[in-house]
Structures are given as structure tokens and as C-alpha cells.
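The block underneath contains the structure these notes are about, expressed in C-alpha cells.
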Amino acid sequence: MGLFGDLVWRQMLHQRSNLACERRPFGCLMATLLTLTVSAASEAQVTFASNGQQLNNLVGRGVALADFNGDGALDAFVVNESGPSGQDDRVYFGDGHGQFVDSGQRLTSPTGAGKPLVHGIDGNGRQDVITGRTVWVNDGRGRFVADASRFVDSDGAGFWQCRLADLNGDGLTDLFAIVVQANHESKGRVYLKDKKGHFQDAGQTLLQGVAAAVELGDVNGDGVIDAVVSRDTRVAHWRPRRDPA
């Protein structure tokens, strides 16, 4: 069974004082998750039950949900492990009722697979997908074409993990990446987005050596996005310094 094999679940919210349940479509990445119980002040319980649909019987690396074909329903972009068997990325169109249909696309990244991030890179209202150094450009109907020219740097390092945020306050969404170099060392790198939809290396190296993961957020409440980066022995907090306008 693939990682996406049991992706489609229905969420049932049980109230203690009511035997009725409210059903909602829900996506779950963990194929082994059968039930989940959450204790809250109201003592409500949440459980997950499969709707019986199984898709993508491959080894998955990640999934992103968005309305890719513009019909108002959530679709799924699934990244699979690359290998000799040619396990390409897949796109599944949702019907709005918790069921998905294979779009028939078999997408092979020219720069290697990476966990998907949804981002309208050209500002045209279409939901594109970033997987590693590849940007999958959406034609608005949920059909994707690979563009490996969007990231501009000197070494073409592979991407291990990426996060998106406006890091320099210019209103454009930038990217913080954990990159892996030819010597297998990893580090944090900032890419600033320009108005043409390209990401330029900002020339800043963070945590050279074994950087493993990054999350972005306003840690200290000053209105500026910070980066929290983990590595082999510690977690570091980086605060951006913006040049005066």
C-alpha cells in the first residue's frame, strides 16, 4: 500500500451529548492511522474512518492539497520516491465529496523529487507546485509543465526541505531552503523572489554542515518572519536583518 493509499478519510466529530455525527472529507498522510481521539474541554472525540478509496499504490514522499483545476474542489498533488521503476508524481482531481480521480499525468522532475509546496508563482491566480528545484507550472486546468529555471544560484544544490514566506518585506513570497551540496553537507539558504517569478540566491549561508529542517514564523512578535533551523546537535533561531529602504 502506498503512502497515499489510505489518504482519503472521513472525519467524524462525536459530541458526548449527541449520538449524531457530522461527516467531513479529510486528507490524512499516515496510512497506518485508523483512529484519532482528541480530548478537549468539551470532552469531544475525533475519530477517522477510511472511505474505502485507495489511490497511488507507490512509495510516496509527500502530498499537497489545493484546487488545481479551478472547479472549487480540493485536488491532490502527490510526490513519489524516484527510482528505477519510474515512480512519477501524480495529480488526483477531487470531486468535492471526498473522492479522487487520477488525472492521468505522470510527472517526472528533471531535478529530483522533493516534498510539494503550493504557491502561485506567477501571480495569475493559478496554484503551481514546487518540488525540490522544480516548479510545476499549472495551466489553470490542473495540467502541469516542469520549469527548472526558477531558482538562480551558482552551484545548483539540491533541496532537502523548503518553506515559503515574505522574508524581506517587499510583498513577494521568498523561499528558505535546506540545500544539500555535492559533498553531502547541508545548509540553510535564502532565495528572494523577483517580480518575474524567479528566486535569486541572497548569498547568505546558515548552519553550514548538517542542517536538517526549517520552519518560518514571527517568533518574537516584531512583525518580521524568523527562521528556526534544526541540525545534528542543536536548534538555531535566525532573525533577518533588513536593509533600510
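The values are calculated or read from the model by the stated rules, or taken from the named source; none is laboratory data. Computed from a prediction, not measured in an experiment: that's the story for all the values here. In this analysis, Cβ positions are derived from the backbone assuming ideal geometry, glycine residues included, and neighbour counts consider all displayed protein chains. Each accessible area value is taken on the protein alone, full model and side chains, heavy atoms only, with ligands, DNA and RNA left out. Shrake-Rupley method; radii C 1.70, N 1.55, O 1.52, S 1.80 Å.
Looking only at the range 138-157, filter to residues that are assigned to a strand (DSSP E or B) and either open to solvent by less than 70 Å² (accessible area, probe 1.4 Å) or touching a Ser or Thr at 6+ places or on another chain (Cβ under 8 Å) (or both); which one of those is nearest to Asp201 (Cα to Cα)?
Val152
Can you name the residue in the range 67-87 that is within 17 Å of the chain's Cα centre (by Cα), modelled with pLDDT of 95 or more and open to solvent by 10 Å² or more (accessible area, probe 1.4 Å) and, of all such residues, is nearest to Asn138 (Cα to Cα)?
Per the stated criteria, the residue is Asp67.
Looking for something among the hydroxyl-bearing types (Ser, Thr, Tyr), open to solvent by less than 50 Å² (accessible area, probe 1.4 Å) and in a strand (DSSP E or B) - is there at least one such residue anywhere in the range 162-178?
Within the range 162-178, not a single residue is among the hydroxyl-bearing types (Ser, Thr, Tyr), open to solvent by less than 50 Å² (accessible area, probe 1.4 Å) and in a strand (DSSP E or B).
Identify, please: which residue in the range 112-137 is under 25 Å from Asn57 (Cβ atoms) and in a loop (DSSP other than H, G, I, E, B) and is, among those, most open to solvent (accessible area, probe 1.4 Å)?
Lys115
Quickly run through the range 190-209 and pick out the residues that are in a strand (DSSP E or B), open to solvent by less than 60 Å² (accessible area, probe 1.4 Å) and under 27 Å from Asn124 (Cβ atoms).
The answer is Val190, Tyr191, Leu192, Lys193, Phe199, Asp201, Ala202.
Do you know which of the residues in the range 88-104 that are closer than 12 Å to Asn56 by Cα and assigned to a loop (DSSP other than H, G, I, E, B) is modelled with the lowest pLDDT?
Here the residue is Asp88.
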